[in-house]
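Accompanying notes for the structure given below.
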Protein chains: 2
Amino acid sequence: MQRIAVDMDGVLADVVERFLEWDERDHGVRQTIEQVSGRTEQEAFPFVRKYVYTPTFFRGLKVMPDSKEVLAELNARYDVFIVSAATEFPQSLAEKQEWLTEHFPFITWQQIVFCGSKKIIQADIMIDDLFKNLDHFQGHSSLLFDQPHNARADAGRHRRVYNWKEIASILL
Amino acid sequence: MQRIAVDMDGVLADVVERFLEWDERDHGVRQTIEQVSGRTEQEAFPFVRKYVYTPTFFRGLKVMPDSKEVLAELNARYDVFIVSAATEFPQSLAEKQEWLTEHFPFITWQQIVFCGSKKIIQADIMIDDLFKNLDHFQGHSSLLFDQPHNARADAGRHRRVYNWKEIASILL
């Protein structure tokens with residue numbers, strides 16, 4: 001059975017939506033996706049470092065459309081692991097596990113990995129929105145999940161996917 | 001640079017000492033190491049499942065003798081990761097990271113992995129006290145850290161080590 005390593009932030013969890021909400025709260029104007037596309041999160045959201053260290057930030061994230069249904073199907077056919085670079089934000093660890101348990105109850109604790117660097121992860125397929133995670137991945141297939149911060153970059157040797165239905169069409 | 005995956009409980013952190021203390025508190029008599037050797041933790045400590053779900057259990061563990069000094073030296077010569085099967089006990093996640101930061105401040109967040117199953121871990125060397133972690137490890141060298149629960153088992157294809165000085169003599 002092939003192993004898939006699935007990222008959380010920007011893949012299962014919609015961090016950009018929350019950045020936009022909190023940025024609007026702090027600056028009075030909501031930016032559009034077009035305005036933040038092609039910019040790093042630090043460029044697009046001046047207080048982003050404050051946001052990701054704020055308790056409740058991760059716990060309240062919205063679930064990406066169709067991810068529940070598609071991940072449930074993947075979970076029946078693949079050896080699925082959820083791999084989140086979370087140790088940079090220790091306060092997020094318990095929140096992230098609670099969030100997974102609430103929204104993806106079919107994912108067991110055995111299938112969860114919270115790490116810093118993903119270079120220690122051994123899998124066949126990786127789904128992630130960050131080049132720094134995909135670029136040293138040694139499995140056979142790496143899918144770049146489209147997000148504003150990576151929108152104008154060349155996907156390189158990775159395959160860009162735009163939503164979970166597209167992931168389903170590739171992997172199911 | 002070779003990568004080492006180092007376990008926490010029973011390798012860096014002395015869980016047995018705390019089991020003995022709490023078991024004595026609950027039963028009035030302190031068991032000896034000899035009495036608990038060769039028995040599973042469930043056999044040796046009736047309330048062990050309660051203990052490991054108790055907040056403060058992991059935060060207060062003692063550091064294994066010589067582990068600070070040896071791990072610091074390993075950290076200079078190897079690509080060290082601390083890999084702990086912690087997602088079974090979500091309340092332990094923040095405690096474990098705090099504990100590492102206090103006792104092993106040279107270990108960065110990039111070097112920490114909290115997981116359930118360790119089969120996703122890619123490394124050259126693994127140091128662990130549990131056969132379930134070592135047995136499916138695919139690196140070239142697996143060290144079984146001697147603990148009462150594994151004391152009377154055949155180390156099999158792994159090499160049994162009794163303390164951190166012995167690890168130093170093998171790896172440094």
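FYI, it's all coordinate maths here, none of it is from the lab. Not measured: the values here are computed from a predicted model. Here the Cβ is made from the backbone with ideal geometry for all residues, glycine too, and neighbour counts use every protein chain on show.
Could you tell me whether the range B:1-43 comes out rounded, prolate or oblate from its Cα gyration tensor? Rule is a ≥ b ≥ c as square roots of the eigenvalues, rounded for a/c under 1.5, then prolate if a/b exceeds b/c, otherwise oblate. It comes out prolate by the Cα gyration axes. What you get for the range B:1-96, charging only the Cβ of Lys and Arg (+1) and of Asp and Glu (-1), is a dipole of about 220 debye around the Cα centre.
Taking the Cα centre of the protein assembly as shown as reference, the dipole from Cβ charges on Lys and Arg (+1) and Asp and Glu (-1) amounts to some 400 debye. In terms of other Cβ atoms within 10 Å, A:L71, B:L20 run from fewest to most in the order B:L20, A:L71. Per residue of the protein assembly as shown, the DSSP helices (runs of n ≥ 4 H) give a summed -39500 (n - 2.57) that works out to -9500 deg cm²/dmol at 222 nm.
Its residues counted as N, the range B:11-109 yields a C-alpha radius of gyration over 2.2 N^0.38 Å of 1.18.
Of the residues A:Y51, A:P148, A:L71, the one whose Cα sits farthest toward the positive end of the charge dipole of the range A:1-158, with +1 on the Cβ of Lys and Arg and -1 on the Cβ of Asp and Glu, is A:Y51.
When the C-alpha to C-alpha distance is required to be over 30 Å, the pairs from A:K118/B:K68; A:K132/B:K96; B:K50/B:K165; A:K50/A:K165; A:K165/B:K132; A:K50/B:K68 that qualify are B:K50/B:K165; A:K50/A:K165; A:K165/B:K132; A:K50/B:K68.
What translational diffusion coefficient, in µm²/s and rounded to a whole number, does the Stokes-Einstein relation yield for the protein assembly as shown at 10 °C and a viscosity of 1.306 mPa s, taking the hydrodynamic radius as the Kirkwood radius over Cα pairs? D = 74 µm²/s.
Report, as an integer, the average count of C-beta atoms from other chains found within 10 Å of each Cβ along A:104-110.
On the way: counts 0, 0, 0, 1, 4, 9, 9.
Whole-number average of other-chain Cβ neighbours for A:104-110 is 3.
Cα centroid separation, the range A:1-29 to the range A:55-87: 11 Å.
In this label model, B:H136 and B:R159 are separated by 2.5 nm, measuring between points 7 Å along each Cα→Cβ vector. Taking only the Cα atoms of the range B:85-172, the ratio Rg/Rh comes out at 0.97, with Rh defined as the Kirkwood radius.
As an exercise, identify the chymotrypsin sites (Phe, Trp or Tyr not before Pro) in the range A:21-88 lying in DSSP coil whose Cβ has no more than 16 other Cβ atoms within 10 Å. Before the final figure, lay out each step's value.
Details: sites: A:W22, A:F47, A:Y51, A:Y53, A:F57, A:F58, A:Y78, A:F81; in loops: A:F47, A:Y53, A:F57, A:F58, A:Y78.
For chymotrypsin sites (Phe, Trp or Tyr not before Pro) across the range A:21-88 that sit outside H, G, I, E and B with at most 16 neighbouring Cβ atoms in 10 Å, the list reads A:F47, A:Y53.
Among A:138-147, B:106-115, sorting by the average number of other beta carbon atoms lying within 10 angstrom of each residue, highest first, gives B:106-115, A:138-147.
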